[in-house]
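Just so it is clear, none of the values below were taken in a lab; they were calculated from the coordinates. Predicted model only: the values in this text are computed from it and were never measured. In this analysis, Cβ positions are derived from the backbone assuming ideal geometry, glycine residues included, and neighbour counts consider all displayed protein chains.
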Amino acid sequence: MTEAKVRAFPPAVVNAESKPYWDAAEKGKLLYKFCTACKKPHFYPRTLCPFCFSDKTEWKEASGKGVIYSHSTMRRTPEPYTLAYVTLEEGPTALTGIVDCDPDKLKIGQKVHVVFKPTKEGPPIPAFAPD
Amino acid sequence: MTSPEVAKSLKRPLVKVMGAGEAPKGQMGGDVNLTYSGARWSGPTAFAEAGVTPKDIKYASIYDSFTITVLMQIEDLGFCEKGQGGKFVSDGNLISGVGKLPFNTDGGGLCNNHPANRGGITKVIEAVRQLRGEAHPKVQVKNCDIALAHGTGGSLGVRHGSATLIMERV
């Protein structure tokens, strides 16, 4: 880490649809959803499949491994942070953050893994760190 | 805008809508691809309704929140091959009187106007000026009979709406 200050994640707003996701995050597990009607995985998880609108979606646990699809670092702030799309091993690409890294050394295609960052008043937030 | 009957009584150069297309592009359930915009859907819809192709467009107003916005739209609308937008622009194709696709002759959003979330209407205004022959003489396109106005609203990679309008001089 070259940064002196690390941006704290704001707590997530948990609702009925997303509660299983955040409950799993408390246990250090990353969940995604899979539609048994059209056989496609998706992220972020919804009750209705975003591809075929079926309600036959089920929770699955992701390996937590992925690669960076694209990334961007916000530097004009006291606590710089990096946003990224990470393509999960299971297929879907997630909008997330890259942490515990030197932003200048990140590369598209780089292997990353999920880490859970605590929040003050809520469940930990999944983010990704370079392998 | 007015009815055809009233328009004919106004003794002004008339401009008519030939075709229009709209399309949203969302987060795609995680099937993310940042290299195209909703223009790949709104464009063909508008061209099909108008019965013309990108080669028929004499002038284009394209929303330019950033330079990358224009590059992606030019490609997605079919004015050049996907991935060739940079070369198309650096070859001078957007310059009125020089290139294939005279573009944003009012200066566009980057050099002249960007009225908050109303950037679309200024695109239509300059396209209509071109069709009427009322653009600035230094940038007026000769024999400008068909023009296109296009814009995206939202985030360019995901989560935006895309709208394409093709107009003709009557």
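Dividing the convex hull volume of the alpha-carbon atoms in the protein assembly as shown by its residue count gives 177 Å³ per residue.
Other residues whose C-beta falls under 9 angstrom from the C-beta of B:THR105 contribute a net charge of 0, scoring Lys and Arg +1 and Asp and Glu -1. Between amide H atoms placed 1.01 Å from N, distances below 5 Å from A:LEU30 occur with A:ALA62, all of them 5 or more places distant or on a separate chain. Which of the lysines could be linked to A:LYS29 by a straight reach, that is with a Cα gap under 24 Å, when you skip same-chain ones fewer than 8 residues away? Of all the lysines, those that pass the test against A:LYS29 - Cα under 24 Å, at least 8 places apart if same chain - are A:LYS19, A:LYS39, A:LYS40, A:LYS56, A:LYS60, A:LYS65, A:LYS111, A:LYS117, A:LYS120. For the residues of B:20-32, the average number of beta carbons from a partner chain within 10 Å of their own beta carbon is 5.
For A:TYR69, nonlocal amide neighbours, meaning residues 5 or more places apart or on other chains whose placed amide H falls under 5 Å from its own, are A:TYR85, A:VAL86, A:THR87, A:GLY109.
The phi torsions of the stretch B:56-70, fed into the Karplus equation with coefficients 6.51, -1.76 and 1.60 and a -60° offset, translate into couplings of 7, 7, 8, 8, 9, 9, 10, 4, 10, 4, 8, 5, 5, 4, 5 Hz, rounded to whole numbers, with Gly and Pro shown as x.
Taking 4.7 Å between beta carbons as the limit, the unpaired Cys residues of chain A are A:CYS101.
Its relative contact order, with pairs defined as Cα atoms under 8 Å and 6+ residues apart, puts the stretch A:19-130 at 23 percent.
For chain A, how big is Rg over Rh, using alpha carbon atoms and the Kirkwood form of Rh?
Working: Rg = 15.3 Å, Rh = 15.5 Å.
Taking Rh as the inverse mean 1/r over Cα pairs, Rg/Rh reads 0.99.
For the stretch B:1-123, lysine pairs with C-alpha atoms less than 27 angstrom apart, excluding pairs fewer than eight positions apart on the same chain, total 26.
Using the Cβ-Cβ distance between B:LYS82 and B:ALA7 with R0 = 41 Å, the FRET efficiency computed as 1/(1 + (r/R0)^6) comes to roughly 0.60.
Peptide B:95-104 is shielded by partner chain Cβ atoms: per residue, an average of 0 of them sit within 10 Å of its Cβ. For the peptide A:83-95, the mean number of other protein chain Cβ atoms found within 10 angstrom of a residue's Cβ is 3. For the stretch A:66-80, 3J(HN,Hα) computed residue by residue from phi via the Karplus equation (6.51, -1.76, 1.60; θ = phi - 60°) reads x, 10, 6, 7, 7, 8, 8, 10, 8, 9, 7, 7, x, 10, x Hz, glycine and proline entered as x.
Between the stretch B:98-134 and the stretch A:81-131, the alpha-carbon centres lie 40 Å apart. Restricting the GluC sites (Glu not before Pro) of the stretch B:108-170 to loop positions (DSSP other than H, G, I, E, B) with no more than 16 neighbouring Cβ atoms within 10 Å leaves B:GLU134. Working from Cα pairs under 8 Å separated by at least six residues, relative contact order for the stretch A:68-129 is 28 percent. Could you list the chymotrypsin sites (Phe, Trp or Tyr not before Pro) in the stretch A:17-47 that lie in coil according to DSSP, counting only those with at most 15 other Cβ atoms within 10 Å of their Cβ? Hits after loop and neighbour filter: nothing returned. Between B:LYS138 and A:LYS107, the simple label model (points 7 Å from Cα in the Cβ direction) yields a spacing of 4.7 nm. Here the relative contact order of the stretch B:31-170, from alpha carbon pairs under 8 Å that lie six or more residues apart, stands at 32 percent. Sparse packing (at most 15 other Cβ atoms within 10 Å of the Cβ) combined with a DSSP loop state is found for the following trypsin sites (Lys or Arg not before Pro) in the stretch B:10-68: B:LYS11.
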